[in-house]
Every structure is written in C-alpha cells, then in structure tokens.
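The values are calculated or read from the model by the stated rules, or taken from the named source; none is laboratory data. Computed from a prediction, not measured in an experiment: that's the story for all the values here. Glycine also receives a Cβ, built like all others from the backbone with ideal geometry; neighbour counts cover every protein chain displayed. What goes into the accessible areas is simple: the full protein's heavy atoms, side chains included, and nothing from ligands, DNA or RNA. Shrake-Rupley method; radii C 1.70, N 1.55, O 1.52, S 1.80 Å.
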Amino acid sequence: MISADSDEPLHVLDLPQLYTKPSADDLLKTLELLAIQPRSFGSNARDVAKQTVQPAGVSRYLTSIISSSLAWLESDELREAVWDAAAARLSERSGRAAMPALSRVFNIPTSSKEEITLTLHEPSITSDNLGMKTWVSSYLLSRRLHNILESVPELVPSESTSQRGSKTVRALELGAGTGLVGLSFAVLRGSSATVHLTDLPAIVPNLAHNVILNSELLNKANATVTSGVLDWSIAPDRPPTKEERYDIILAADPLYSPEHPGWLVQTIERWLSRGLDARVVVEMPLRDAYLPQVQEFRDRMQEIGLAVVDQGEEVGYDDWEGVDGSSIEVLCWWSVWGWSEKL
C-alpha cells in the first residue's frame, strides 16, 4: 500500500511490487496515481495528474504488469481491469496521439472576470478522427470570445433592434470538433443566443455527447445548443431562407486540406445573414504548410464581400510534444469579419 503522507516523489520501488502479490485494489490505485493528462494549452509545462512518482523505471514497471499473468487475483474481470489500466498508462507515455479516451476541463474567462468551466470528452485519436481532439486555436478563441463580444458592438443586438423587440442571436459553429468554441459562446451569451454546432457525421456523436456533458452549465445559463451534420462540400437541396441564416458564424482551425478554403467560404456565404451586423469569427494556426490556404481563405472572403473588422495574432501551446519533450508553440491568427457596407 502506498503512503501519501510524504510530499517527496515516490521511487518506482516504493510502488506495489508484483512478487508481493498485491491486491487488485492496490494495483488499480497505483495505476491511477500514474495517470498523465495531456499538456496544457496555456503554458509550456506538462500537466500531470499526480506528480508524485519519479519517472525513472515507470515504463518498465507498467510493462511488467501487462506481461504478468496476475494469477493471484480473484477473477478474470479484475485481471482485465488491471491490464487495461496499465496499458493506458503506458500509452500515455507515448505522447498525446497514443492516449486513450479522456475527459478534459477547460476554464473560459468571462467579462465579469469570473470563469466558466466546460468538460469535454475526447475519444482516443487516430489519423482519421483528428476532429475529435480539442486544438489550441479553439482554446485561444474560446478565451477571447468575451473580449470580442465587448470590442465589436455589432455582435450585440443594436439599439434599433432592441426597440423593435429583443432579438435572439443565431450562431453557427463550423467544424466544431469537440464543441469548445460554440459551447463557450452559448454559456457567455445565455438566453440571448441559440447555438448550432456542426461537423462531419463521424464527429457529431461525440459533439452531441459534449453538449449533454455540459447540460447543467448550459441550463444554468439558459443557453440553447443543438448539434448536427454539416458537410461543407455538399450543397443543400435549396438555399437557406432569410430566417434560416445565422447572425454569427464561428470557426477554429478549419483548414487542413487544399479544398477547405473554397468549401469553408462557400458555406459561410450560404449560411451567413446578409445584415451589416452579421459577423464571422475565426481563429487558425499559422502553420508554414498551411499559409497558402490561409491566404486563399482571406482572398475568397473578400471576393464574396466580407471585410476584416478586427484581427490579431497570439501564441498558444498545443498538447503535442516536440522532439525534446516540450510543448509546441503555435502562432495563431484570429479575425472578425463583416459584410462591406459598399455592397
């Protein structure tokens, strides 16, 4: 049994050793102690769930558990539970892409200097489901939303609109992924907005799950959030009506193929309200390989009559690891777009 009385990091030899035939409960508690969370987006430091065990020898310890028959444990179910937990801990030490499914907590600031806390489930990552991971640009944009709401008055219903009656802002998130941006916007705006989170068919089930996961917070804010499939490459059977278009379109890190700038802009043109107070809010990383796509996005937005209202650059840290084990610094560009009054 591990003693938690000391603040000193444990040595691997302080952990339950297999030759002593430790109980399943002791092994599972130890494996929970060894759990590693992904790196934080906000700093260059690794966020470790419990930094109480020296790393030297831990991988060998985990491997010994996986390779052991654990014959002294009482049932196959207990043995499977221990093997699965040990395998998960070993995978976590192989980098973010090797981590099992997990839930992550994100703190998002508000204009009142308080924070809202969102919990997002992220399935294990494979090469074809990267949309189920939360990316640094989503985190940065979510943390910027309260400032954007204050600095761009057009995002708030105008005085003339208020005189006609309160207007509920309709917001659409494109390529929502885990839903961090859209959920943050929904909680920040509360009952004054409805938010529709969209992505591809394979991603939407987890997106819908994250809406349910945060239902208590959404209900407290009187926020209305829905989710559904929206494939940018497929035109709808008919153009959306004026009432079906959205006042605000949100998108974070939406470009990762040569076709995406064209698809994204045509989707924005199709679904964005034509009012001069309509806005598109985007944030995307300035990765060297994708700079031509970012420029194409800018050019195409201007071609359809949208102009930059506000923009800037900021740096965040993604939860991938560099070759030296450090977090990877990512320069991101955020921008707010509106229809040109000249049109």
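In segment 210-343, the alpha-carbon atoms span a convex hull of 159 Å³ per residue.
By the rule of a C-alpha distance below 19 Å, with chain neighbours fewer than 8 residues away ignored, the aspartates and glutamates paired with Lys220 are Glu114, Glu115.
With all protein chains present, how much of the accessible area of segment 155-282 (probe radius 1.4 Å) comes from carbon and sulfur, to the nearest whole percent? Walk me through the intermediate numbers first.
Numbers: 2990 of 5610 Å².
Its accessible area is 53 percent carbon and sulfur atoms.
When each of the peptides 259-271, 296-308, 230-242 is scored by how many other beta carbons lie within 10 Å of its residues on average, the order from highest to lowest is 259-271, 296-308, 230-242.
Taking the mean number of other Cβ atoms within 10 Å as a proxy for protection, how do you rank 184-193, 328-337, 211-220 from highest to lowest? Walk me through the numbers before you get to the answer.
Values: 184-193: 21.2, 328-337: 17.9, 211-220: 15.1.
Final packing ranking: 184-193, 328-337, 211-220.
Summing Lys, Arg as +1 and Asp, Glu as -1, what charge do residues with Cβ under 11 Å from the Cβ of Gly175 carry, Gly175 excluded? In short, -4. The modelled label-to-label distance between Gln17 and Trp333, using points 7 Å beyond Cα along the C-beta direction, is 5.9 nm.
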